[in-house]
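Each remark here refers to the structure printed beneath this line.
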Amino acid sequence: MFADPQLAARGLRFDMPHPLAGTVAQVGMPFKMSAAPAAYDLPPPLLAQHTRIVLRDRLSLSREDIAALAAQGVIQVRDE
């Protein structure tokens with residue numbers, strides 16, 4: 001993907017520090033908005049980093065439900 005001439009011509013590749021992978025190449029927004037430029041503040045999430053948040057906030061699962069799914073091996077969770 002990073003060898004694509006259009007991506008290079010638009011300057012869409014940037015490198016971002018990652019807590020486990022060192023520095024990772026990323027693709028920026030394919031469109032530029034002068035009044036609201038894109039901000040790249042956070043690296044890609046770690047595996048299971050947001051599992052609890054999504055299950056709790058979007059699916060309304062309780063802590064006990066999430067713990068049971070993790071204990072059964074249905075989901076992976078990361079310590080918060």
* Asked: For the chain, which whole percent of the accessible surface, found with a 1.4 angstrom probe, sits on carbon and sulfur atoms?
  -> 57
* List the residues whose amide H sits under 5 Å from the amide H of L61, counting only those 5 or more places along or on another chain, with H placed 1.01 Å from N in the peptide plane. => R56
* Return the long-range amide H neighbours of H18 (sequence gap of 5 or more, or a different chain), with a cut-off of under 5 Å between placed amide H atoms. => T23, V24
* Asked: Going through the range 1-50, which trypsin sites (Lys or Arg not before Pro) have at most 15 other Cβ atoms within 10 Å and a DSSP loop state?
  -> R10, K32
* Cα radius of gyration and Dmax for the chain (Å) -> 17.7, 50
* To do: Amide H neighbours of G28 under 5 Å, at least 5 residues apart or on other chains, H built in the peptide plane: list them.
  => R13, F14
* Structure fact -> To the nearest 20 debye, the chain has a Cα-centred charge dipole, built from +1 on Lys and Arg Cβ and -1 on Asp and Glu Cβ, of 220
* Structure fact -> With every protein chain kept in place and a 1.4 Å probe, the chain has an accessible area per residue in Å² of 79
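The values are calculated or read from the model by the stated rules, or taken from the named source; none is laboratory data. The model shown is predicted, which means the values in this text are computed figures rather than measured ones. So basically every Cβ, Gly included, is an ideal-geometry build from the backbone, and we count neighbours across all protein chains shown. Please note that ligands, DNA and RNA were not included when accessible areas were found on the heavy atoms of the full protein model with its side chains. Shrake-Rupley method; radii C 1.70, N 1.55, O 1.52, S 1.80 Å.
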